[in-house]
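One structure is given here, and the rest of the page talks about it.
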Amino acid sequence: MTDVPFQSVISGPEGLAELYREPSQFVKNKKKPGIDPGSARFIGMSPFVLVGTVGADGGVDVSPRGGDPGFVRVRHTDAGDYLLVPDLNGNNLIDTLRAVVATGVAGLLFLVPGKDETLRVNGAAWVVTDDDVLDQFQEFRRPKSAIAVRADEVFVHCAKAFRRGRVWDPAAWEELAAAPDIADIVCESGLVPGIDPEAIRADLAQGYAADLAADRP
């Protein structure tokens, strides 16, 4: 095991069992395969999803994806239910796609602005280029590929984390207005020494506008 700078590390399930009680049977039963009508409606109104993957080397990644509400499609088949996430304009690192190709699994966390509950989907995953998949994203320029995730585990996540973090509370947004943006972080990391953060913000604004416009037909 990799050395860690901590003295008390839990290394097995027994240690966890000493700290945490068993979940209720209701909680145990909430994970199920397939997309039910309520989950489909939530996904159909979600403009934002986080895609979690693990690469061949064990490295993990979580990538945000956004679009019009319902930009992630639900496909029901005899072999199971699938979610289709279009791959839109990005920076071409394609870490998420590489990970899906390497290990064939992904986890999705769907958000709806203003809703404290979230929807989670875990399952086998593929990068697909089927014409009938890509052609359906008509609100965008035709994507080069899409991530297909089989809905092997589907469950709702309660509101406590979002309420603790006051994620949708405008008063909290005002309190956090001084948080650093990408320009601050890039400059302070030394990645682009000697560059004015305002110049980076201006370049980013132009790049965002161009890339978002390029998403549309």
TODO: For residues that are touching a Phe, Trp or Tyr at 6+ places or on another chain (Cβ under 8 Å) and farther than 14 Å from Val72 by Cα, tally how many sit in the range 118-139.
DONE: 1
Open item on the list: Looking at Val186, Val167 in this structure, which one is at pLDDT 95 or above and either within 22 Å of the chain's Cα centre (by Cα) or assigned to a helix (DSSP H, G or I) (or both)?
Closed with: Val167
Task: Where Asp215 falls short, out of the listed (1) surrounded by 12 or more Cβ atoms within 10 Å (Cβ to Cβ); (2) farther than 25 Å from Leu111 by Cα - done: (2)
Task: Subset of the range 2-32 (residues that are open to solvent by 100 Å² or more (accessible area, probe 1.4 Å) and either touching a residue at least 12 places away in the same chain (Cβ under 8 Å) or β-branched (Val, Ile, Thr) (or both)) - done: Thr2, Lys31
- [ ] Within the range 45-64, track down each residue that is open to solvent by 40 Å² or more (accessible area, probe 1.4 Å) and either small (Gly, Ala, Ser) or touching a strand residue (DSSP E or B) at 6+ places or on another chain (Cβ under 8 Å) (or both).
- [x] Phe48, Leu50, Val54, Ala56, Gly58, Val60, Asp61, Val62, Pro64
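Condition check ((1) open to solvent by less than 20 Å² (accessible area, probe 1.4 Å); (2) touching a Pro at 6+ places or on another chain (Cβ under 6 Å)) across all residues:
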| site | (1), (2) |
| --- | --- |
| Gly70 | yes, no |
| Asp78 | no, no |
| Pro86 | yes, yes |
| Asn91 | no, no |
| Asp135 | no, no |
| Arg150 | no, no |
| Glu153 | no, no |
| Ala159 | yes, no |
TODO: Please work out if Ile195 is hydrophobic (A, V, I, L, M, F, W, C), open to solvent by 60 Å² or more (accessible area, probe 1.4 Å), without any contact (Cβ under 8 Å) to a residue 12 or more places away in the chain and closer than 27 Å to Arg98 by Cβ.
DONE: no
Open item on the list: Just checking, does the range 133-147 include any residue being more than 17 Å from Leu88 (Cβ to Cβ) and outside any strand (DSSP E or B)?
Closed with: no
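The values are calculated or read from the model by the stated rules, or taken from the named source; none is laboratory data. Since the model is a prediction, treat every value here as computed from it, not as a measurement. Using ideal geometry, Cβ is built from the backbone for each residue, glycine included, and neighbour counts are taken over all protein chains shown. We work out accessible area using only protein heavy atoms, side chains counted, and drop any ligands, DNA or RNA first. Shrake-Rupley method; radii C 1.70, N 1.55, O 1.52, S 1.80 Å.
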